[in-house]
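Peer 1: Questions regarding the structure given below will be posed in turn.
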Amino acid sequence: MQLNEKGYYFTILLFGLFAVISVQKSVRDKAEGLPVTDLYYGLSWVATVACVVLLGIGVWSADLLLSEKGFYGMSFTLSVFSAIAVQKNTRDAQLIEAKDI
């Protein structure tokens, strides 16, 4: 795989991590009654969908073995899930600490 292809997947990964954290934060802020603009909320969802589509197109058209394509897809999925989980757990821990004070 050429360096520019590796850079593409790395950029999509970083873009996806930022996008899903933004969605998770926006959803949680709305649930807690904190103000979230509809523009930011919508852009967060658009960015999330865009990075998933871009990853799918990139993996689909890549000259890789099927197992390698699956590896890229699962790596992306697990990375996105872990970013959401870490952000959620960090925020929950801060909420618990605030209640203890």
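Any read-out appearing in this document is the output of simple, stated calculations on the displayed coordinates, not a laboratory observation. Predicted, not measured: the structure shown is a model, and the values here were computed from it.
Peer 1: Which residue, 14, 55, 64, has the most motion in a Gaussian network model of the chain that connects Cα atoms within less than 10 Å?
Peer 2: 64
Peer 1: Over region 1-59, what lengths in whole Å, largest first, do the semi-axes of the equivalent ellipsoid take, defined as the square roots of 5 times the eigenvalues of the alpha-carbon gyration tensor?
Peer 2: Listed largest to smallest, the semi-axes of region 1-59 are 29, 10, 7 Å.
Peer 1: Please give the helix 66-100 orientation as an angle from the longest Cα principal axis of the chain, in degrees from 0 to 90, rounded to the nearest 10.
Peer 2: So the helix axis and the longest Cα principal axis differ by about 10 degrees.
Peer 1: Report Rg(Cα)/(2.2 N^0.38 Å) for region 42-101, keeping two decimals. Numbers along the way, then the final one.
Peer 2: Values: Rg = 16.7 Å, N = 60, 2.2 N^0.38 = 10.4 Å.
That works out to 1.61 for region 42-101.
Peer 1: May I ask for the Kirkwood hydrodynamic radius of the chain, worked out over all distinct Cα pairs and given in angstroms to one decimal? Don't skip to the end; give the middle numbers.
Peer 2: Working: mean 1/r = 0.0662 Å⁻¹.
Final number for the Kirkwood radius of the chain is 15.1 Å.
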